[in-house]
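Report on the following structure.
FYI, it's all coordinate maths here, none of it is from the lab. Keep in mind that this is a model prediction, so the values were computed, not measured. Neighbour counts are summed over all protein chains in view; Cβ atoms, including those assigned to glycine, are modelled from backbone coordinates with ideal geometry.
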Amino acid sequence: MIEFRLAARSNVPPYLQLVEQVRQALRMGLLEAGDQLPTVRDVAESIAINPNTVLKAYRELEHEDLVEGRPGLGTFVIRSLAGPSLASHAKLRRDLLSWLQRAKDAGLDHEDIVALLETTLRSFTSEGAA
Amino acid sequence: MTLALEAIGLGKRYGRTWGLRDCSLSIPPGHVAALVGPNGAGKTTLLKLAVGLLRPSAGAIRTFGETPRDDPSALARIGFVGQDTPLYADFTVAELLTMGEKLNPRWDQAGAKDRLGRLAIPLDRKTGRLSGGQRAQVALTLALAKQPELLVLDEPVASLDPLARKDFLAALMGSVAERGLTVILSSHLIADLEHRCDYLIVLSESRVQALGQVDELLSRHWILVGPRRDDERVAGVDVVVQVSHTDRQTTMLVRSDAAITDPSWTVHAVGLEELVLAYLAEPSAGMLPGPRPTEGQR
Amino acid sequence: MIWLAWRQHRGQLLSAAVAFGLLAVFLFVTGTSMRHTSTASGLSACLDQVGGASMVNFVKGEGCRELGDAFAARYFGLRLLGLVLFTVVPLLVGMFWGAPLIARESERGTDALVWTQSVSRRRWASTEFAMVASMTIIAVGSYAVLVTWWYAPLNAAAGERFQWLIFDQQGSVPVGYALFAFALGVLAGAITGRTLRAMAVTVVGFLVVRFAVAVWLRPHYLAALQRKYPVMSSTEPNRLLGDWLIGGGGPGVGAVYDALGHKLKGGQMMCPPPVAQACIDQVGRGAYNFEIYQPAHRFWAFQSIETAIFVALAIVLLFVAAWWLEHRMA
């Protein structure tokens, strides 16, 4: 079962943090369709947050059609976010590794690579949206 | 909808001084309300008035429409944990549970024992020999076992170490989730209240200074940062709560219901602690209309 | 609520039982010894012989004065102990059980615990007051029975049962005093909110009221009687009967009057026949002693009246305390 945490001193509202953590877990395959999310009470108690916040997060996830609340039973995942199959993931990963090797050979250090990645991704995303 | 707590012009006088004055607030059920303010602002007074331990000198206070003072049916719906969590030191924990069972109409003995068992608190130990954290948990268990609809907590975590504090607040949140409780708790430690409370009451100098739902308050307040200027009027801003200047820069915490379009200001969202501290630092800034001459003039 | 009141105060009853047990042993041993001495010295027999005669021939040794004095002198130490100890017992019980009743809840902050349970202050107060008052009655009542039994030989030997302080040690009044001290302690604790302060107030209030009642009210519970008896005679009132000589010539003393009714001096004067000329010269024939007194047989009536006074005071004080708790406290 997923375990939540709240980042201290984050500008992101707590309920969105929980939503994002569920999405992340779905993406990484830690949560699959049919899995049960912890009860509102258990989450409220384990990380000591207002249950209304948890309710808000679960409602948002329901709104995104990722989970479904079943009265008396709990909240269950109905859809996964895992993207294409493992095979294409593996290929992408290999491509990425060789690119990283080339970047390193070109003399980029860790921070340079991350910066390059972020700016390129940003412009790729905005271009893609346009 | 009956308000969980309602105060109308509530005041309490100790001799010549007013410990609390002109206090009007209403808390709908199902909220976790934080009561903050400096020492001597009247937090304990307000909470004790809410549970009938003090009699109002002026105005009225009601819980679920009833007056809590000496009214067993109103008291049955309220749970209280006072500062320093007083317990009968020579009673064992089990005897305190028996006391609660005998004195309250709705008593969840099994739930209380279960909760204490989960916290590993021995039932046969005298409460005088428990640690501060254990006593706070026992006091909370007693209050919860009454199965109240309103829980009133006065600095419940002030004397606890960080781990005990977290356990206490976690247990409290769990109970809120489980029972749909309304909670009002006072605390010095505003950081503790973040993420836990969705309703805020700021008391300052024996009066209510600010009041409202946390989400709403945070969405109505902004930090504005911009080049140094002395004119505090900004388009779209209703009230300037706090201002500070350096030689180059002016920072303001403002309340505004409209968007702030002036491009010379950088606008940031406000955190709960920041907001509370700003109000506490500026006692003349208030959220409420009333006998506050400087309201709206800043 | 009864459970709570019992649980909070059962320790006090236990302590009282232990203290009572120790006292009982002491009193039983000494009391039995005194009774034995009374019989062995002939005092008991003498008293039986005199019976209830109100006037006795003191010249002939009637009235058992000598035997009585000897007995009283022998047990002087015990009498003194009794006087001191038994005066304070009702005060101490009442004070230690009454002053902390409300004050300790305030001092320790447990008032915030108990008065937020689903119980009104009125119900709390009436149960707590009733519980501890009952304990007081049981404890001090048992004590009073025992002390009254213990005092019997001493009373008989000195005829002082009705006297100030002796009257206060025995009979039913200790229970009244203890209830009064208890109620005073409770009220003082409610008003001051501090146990020690309440105890101090209780001591002072207790002494003041007890003094006022004993000195100013007690002599008047029933209309006092007067008697006159001649100076030149050998019969005088039987002091060992236990009458309470209130006055006539001063507190606790009668007066001597001449035949014409002029007061000559305070005190008592007896000139048994054959009358000396000096006596005649001093007071003249027809002089008489005058006393205002309460007869011995009224002892229990007076005990009942005084007990009732203090119980009534206690009830009033407890009502005031309950009212204060409900309306004026915090």
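Can you give the angle from 0 to 90° between the axis of helix A:110-129 and the longest principal axis of chain A, with both taken from C-alpha atoms, to the nearest 10? The angle comes out near 70 degrees.
Just checking the listed ones, C:251, C:174, C:274: in the Gaussian network model of chain C with Cα springs under 10 Å, the one fluctuating most is C:274. The C-alpha atoms of chain B define a longest principal axis, and helix B:132-145 lies at about 80 degrees to it. Model label sites at residue B:229 and residue B:161, defined 7 Å from Cα along the beta-carbon direction, differ in position by 5.3 nm.
Membrane-span-like helices in chain C, defined here as complete DSSP H runs extending at least 24 Å along the helix axis by their C-alpha atoms with mean Kyte-Doolittle hydropathy no lower than 0.5, are C:2-40, C:76-108, C:121-158, C:173-192, C:195-212, C:299-323; this is a sequence and geometry rule, not a statement about a membrane. Over all pairs of different C-alpha atoms, chain A has a mean inverse distance whose reciprocal, the Kirkwood radius, equals 17.3 Å.
Think of chain C as having a plus end and a minus end, set by charges on the Cβ of Lys, Arg, Asp and Glu; of C:214, C:28, C:103, C:103 sits farthest toward the positive end of this dipole. Peptide B:163-174 has a mean of 4 when you count, residue by residue, the C-beta atoms of other protein chains within 10 Å of its C-beta. Counting Cβ atoms of other protein chains within 10 Å of each Cβ in A:38-44 and taking the mean gives 4.
Sum -39500 (n - 2.57) across every DSSP H segment of at least 4 residues in chain B, then divide by the residue count to get the 222 nm mean residue ellipticity, nearest 500. Please report the intermediate quantities before stating the final value.
Details: 9 runs with 86 residues, N = 298.
The per-residue figure over chain B is -8500 deg cm²/dmol.
Summed over qualifying helices (DSSP H, 4 residues or more, each -39500 (n - 2.57)) and divided by its residue number, chain A shows a 222 nm mean residue ellipticity of -19000 deg cm²/dmol.
Please tell me the relative contact order of chain A in percent, rounded to the nearest whole number, where contacts are Cα pairs under 8 Å and at least six residues apart. Working shown, then result.
Details: 110 pairs, mean separation 29.4, N = 130.
So the answer I get is 23 percent.
Taken about its Cα centre, the range C:201-329 carries a charge dipole of about 60 debye when Lys and Arg each add +1 at the Cβ and Asp and Glu each add -1 at the Cβ.
Nearest 500 deg cm²/dmol is fine: what mean residue ellipticity at 222 nm does chain C get from its DSSP H runs of n ≥ 4 alone, each adding -39,500 (n - 2.57), divided by its residue count?
Values: 11 runs with 206 residues, N = 330.
Result for chain C, helices only: -21500 deg cm²/dmol.
Distance between the C-alpha centers of the range A:1-67 and the range C:257-308? Whole Å please. Going from one Cα centre to the other spans 103 Å.
Reducing the range B:168-240 and the range B:75-107 to their Cα centroids gives an inter-centroid distance of 31 Å.
Structural descriptor for chain B: relative contact order 19 percent, calculated from alpha carbon pairs under 8 angstrom and at least 6 residues apart. Its relative contact order, with pairs defined as Cα atoms under 8 Å and 6+ residues apart, puts the range C:225-297 at 48 percent.
Summing +1 for each Lys or Arg and -1 for each Asp or Glu among the other residues whose beta-carbon sits under 15 angstrom from that of residue C:144 gives -1. Taking the Cα atoms only, what angle lies between the long axis of helix B:93-103 and the longest principal axis of chain B, rounded to 10 degrees? Value to nearest ten degrees: 90. Counting only Cα atoms, the size of the range C:1-72 along its three principal axes is 66, 25, 16 Å, in decreasing order.
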